[in-house]
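Asker: Have a look at the structure that comes next, please.
The values are calculated or read from the model by the stated rules, or taken from the named source; none is laboratory data. Small disclaimer: the values here were computed from a predicted structure and weren't measured. Counting neighbours? That spans all protein chains shown, and the Cβs are built from the backbone with ideal geometry, glycine included.
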Ligand code: SF4
């Protein structure tokens with residue numbers, strides 16, 4: 001009898017890509033993919049552990065699924081991903097009705113674990129073994145059809161920043177061979193995808209038997225049918241001249257770079273064990289802008305890290321003012337059990353101070369973003385169209401090469417089409433444009 005599975009995804013793009021990987025593995029073993037949890041025999045929550053709030057949300061959802069499971073004998077409920085890896089036994093204590101707890105390196109065993117969970121009405125099955133060689137090479141991923149898709153090219157992280165749980169839940173860095181990445185991207189092009197995003201926790205650290213991320217970008221650029229290539233997230237220390245040269249030479253690679261800085265204070269960066277200083281980060285951005293003047297750059301910033309003084313925070317504000325990122329993801333520090341910071345550094349910045357600093361940095365970035373977007377008015381851009389606008393069916397929505405969401409005035413277009421357009425208006429997050437004659 002065919003069994004159906006529903007995978008519900010929380011967290012980052014890597015998790016979205018992992019859900020597609022699980023769907024592929026299960027489809028290969030005779031499962032069908034259900035559109036909703038209600039229709040499925042197996043429900044998997046693919047979880048995130050980066051923030052406590054994300055975990056609490058998942059417990060809320062599990063509580064809801066518990067009643068569904070009670071009304072549906074034989075239903076299998078599983079938790080996969082980073083929270084499964086981080087919480088393991090605790091998860092089972094708080095949600096004993098869960099049948100499966102499966103970490104990010106154990107997905108190949110998922111179909112067998114589901115079968116066993118179905119047969120054994122007993123304790124939950126836990127498989128959270130990390131495997132430093134697992135890249136899921138050879139697995140046929142089931143992608144949601146569309147214009148844009150993901151390929152996970154490297155997994156894990158060796159950086160061990162003090163505030164971050166990722167190396168503990170995703171294991172050590174390992175990369176998929178370039179030939180495998182290229183054949184995945186070729187299959188995507190055949191299936192109608194026009195844009196691919198290469199994913200990795202620190203994607204610029206990609207390295208496989210003498211081939212680095214610059215080599216990988218060159219190889220993927222040669223795939224016909226793919227109009228744009230994106231990647232996220234590079235790590236500043238692994239962003240060398242070879243990569244900058246490759247970006248300058250590869251027109252298909254989008255002119256956008258997300259380069260997390262985290263703090264503008266060298267003292268805090270040292271404590272975070274980021275491996276670079278504020279000065280070297282500034283120098284890197286200057287070098288990138290010199291060679292790639294049309295690139296948009298965004299970043300991540302944490303305020304209120306343990307020991308952050310007002311002076312440290314002012315240095316972060318100064319860095320943001322000087323480097324003028326196109327956008328920024330800003331967070332107030334929150335302690336995660338299991339990280340080095342949680343073990344060794346008291347969370348000593350008062351919540352009110354964190355909140356105040358966060359507001360200041362958001363306001364600063366908002367004003368910079370507004371100016372950056374307004375500066376695009378009058379410019380000619382090339383849009384890759386995703387589909388029709390949800391707010392106005394007559395319009396299309398696409399993205400510029402520098403990753404700015406753009407609403408294209410009414411016209412006859414196709415999703416996946418590249419359109420030259422002129423920017424006519426802007427807010428701090430969206431551009432508006434009119435197509436230019438072909
Ligand atoms: S580089 Fe640092 S912040 Fe990024 S995933 Fe690795 S440990 Fe976490």
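Asker: Search the range 151-184 for residues being under 18 Å from the mean Cα position of the chain (by Cα) and part of a helix (DSSP H, G or I), and hand back the single one that is farthest from the ligand (Cβ to nearest atom).
Answerer: 181
Asker: Taking the condition of being more than 18 Å from residue 402 (Cα to Cα) and either touching a helix residue (DSSP H, G or I) at 6+ places or on another chain (Cβ under 7 Å) or within 16 Å of the ligand (Cβ to nearest atom) (or both), how many residues in the range 241-250 meet it? Before the answer, list the steps.
Answerer: Going through the range 241-250, the residues more than 18 Å from residue 402 (Cα to Cα) turn out to be 241-242.
Add one more test, that the residue is either touching a helix residue (DSSP H, G or I) at 6+ places or on another chain (Cβ under 7 Å) or within 16 Å of the ligand (Cβ to nearest atom) (or both), and what stays is 242.
Residues flagged as more than 18 Å from residue 402 (Cα to Cα) and either touching a helix residue (DSSP H, G or I) at 6+ places or on another chain (Cβ under 7 Å) or within 16 Å of the ligand (Cβ to nearest atom) (or both) within the range 241-250 amount to 1.
Asker: Given the conditions (1) in contact with a strand residue (DSSP E or B) (Cβ under 7 Å, 6 or more places away or on another chain); (2) away from the ligand (no atom under 15 Å from the Cβ); (3) in contact (Cβ under 8 Å) with a residue 40 or more places away in the chain, and given that residue 263 satisfies all but one, which numbered condition is not satisfied?
Answerer: Going through (1) in contact with a strand residue (DSSP E or B) (Cβ under 7 Å, 6 or more places away or on another chain); (2) away from the ligand (no atom under 15 Å from the Cβ); (3) in contact (Cβ under 8 Å) with a residue 40 or more places away in the chain one by one, residue 263 breaks only (2).
Asker: Let me ask you something else. Based on what the data block shows, is residue 274 within 22 Å of the chain's Cα centre (by Cα), within 12 Å of the ligand (Cβ to nearest atom) and buried (at least 20 other Cβ atoms within 10 Å of the Cβ)?
Answerer: Against the criterion (within 22 Å of the chain's Cα centre (by Cα), within 12 Å of the ligand (Cβ to nearest atom) and buried (at least 20 other Cβ atoms within 10 Å of the Cβ)), residue 274 qualifies.
Asker: Within the bounds of the range 207-214, is there any residue that is within 22 Å of residue 249 (Cα to Cα), surrounded by 20 or more Cβ atoms within 10 Å (Cβ to Cβ), touching a residue at least 12 places away in the same chain (Cβ under 8 Å) and within 16 Å of the ligand (Cβ to nearest atom)?
Answerer: Yes: one or more hits.
Asker: Now a separate question. Determine which member of the set 85, 115, 142 is in contact with a helix residue (DSSP H, G or I) (Cβ under 6 Å, 6 or more places away or on another chain) and assigned to a helix (DSSP H, G or I). Outline the logic, then answer.
Answerer: Values: 115 fails: in contact with a helix residue (DSSP H, G or I) (Cβ under 6 Å, 6 or more places away or on another chain); 142 fails: assigned to a helix (DSSP H, G or I).
Going through 85, 115, 142 in turn, just one is in contact with a helix residue (DSSP H, G or I) (Cβ under 6 Å, 6 or more places away or on another chain) and assigned to a helix (DSSP H, G or I): 85.
Asker: Any residue in the range 153-182 that's within 16 Å of residue 233 (Cα to Cα): show its pairings with residues that are more than 15 Å from the ligand (Cβ to nearest atom) and part of a helix (DSSP H, G or I) at Cβ separation under 8 Å, as long as the two are six or more apart or on different chains.
Answerer: If the second residue must be more than 15 Å from the ligand (Cβ to nearest atom) and part of a helix (DSSP H, G or I), the pairs left are 153/181; 153/216.
Asker: Something else: Does residue 127 satisfy the condition of being in contact with a helix residue (DSSP H, G or I) (Cβ under 8 Å, 6 or more places away or on another chain), away from the ligand (no atom under 16 Å from the Cβ) and farther than 30 Å from residue 414 by Cβ?
Answerer: Criteria met by residue 127.
Asker: Quick check: is even one residue across the range 44-60 touching a residue at least 60 places away in the same chain (Cβ under 8 Å), within 16 Å of residue 14 (Cα to Cα) and assigned to a helix (DSSP H, G or I)?
Answerer: no
Listed here are the residues, each with its yes/no results for (1) closer than 26 Å to residue 418 by Cα; (2) not assigned by TED's automatic domain parsing to the domain that holds residue 361.
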| site | (1), (2) |
| --- | --- |
| 220 | yes, yes |
| 224 | yes, yes |
| 233 | yes, yes |
| 242 | no, yes |
| 245 | yes, yes |
| 260 | no, yes |
| 269 | no, no |
| 274 | no, no |
| 281 | no, no |
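Asker: So which of 232, 202 ends up being within 14 Å of the ligand (Cβ to nearest atom), touching a residue at least 12 places away in the same chain (Cβ under 8 Å), touching a strand residue (DSSP E or B) at 6+ places or on another chain (Cβ under 6 Å) and under 28 Å from residue 271 (Cα atoms)?
Answerer: 232
Asker: Restricting to the range 399-414, what's the tally of residues that are farther than 22 Å from residue 292 by Cα and buried (at least 17 other Cβ atoms within 10 Å of the Cβ)?
Answerer: Qualifying residue count, the range 399-414: 3.
Asker: Follow-up. Regarding the range 7-14, can at least one residue be identified that is assigned to a helix (DSSP H, G or I) and in the same structural domain as residue 80 (by TED's automatic domain parsing)?
Answerer: Yes, the range 7-14 contains a residue that is assigned to a helix (DSSP H, G or I) and in the same structural domain as residue 80 (by TED's automatic domain parsing).
Asker: Would you call residue 222 surrounded by fewer than 15 Cβ atoms within 10 Å (Cβ to Cβ) and more than 16 Å from the ligand (Cβ to nearest atom)?
Answerer: In short, yes.
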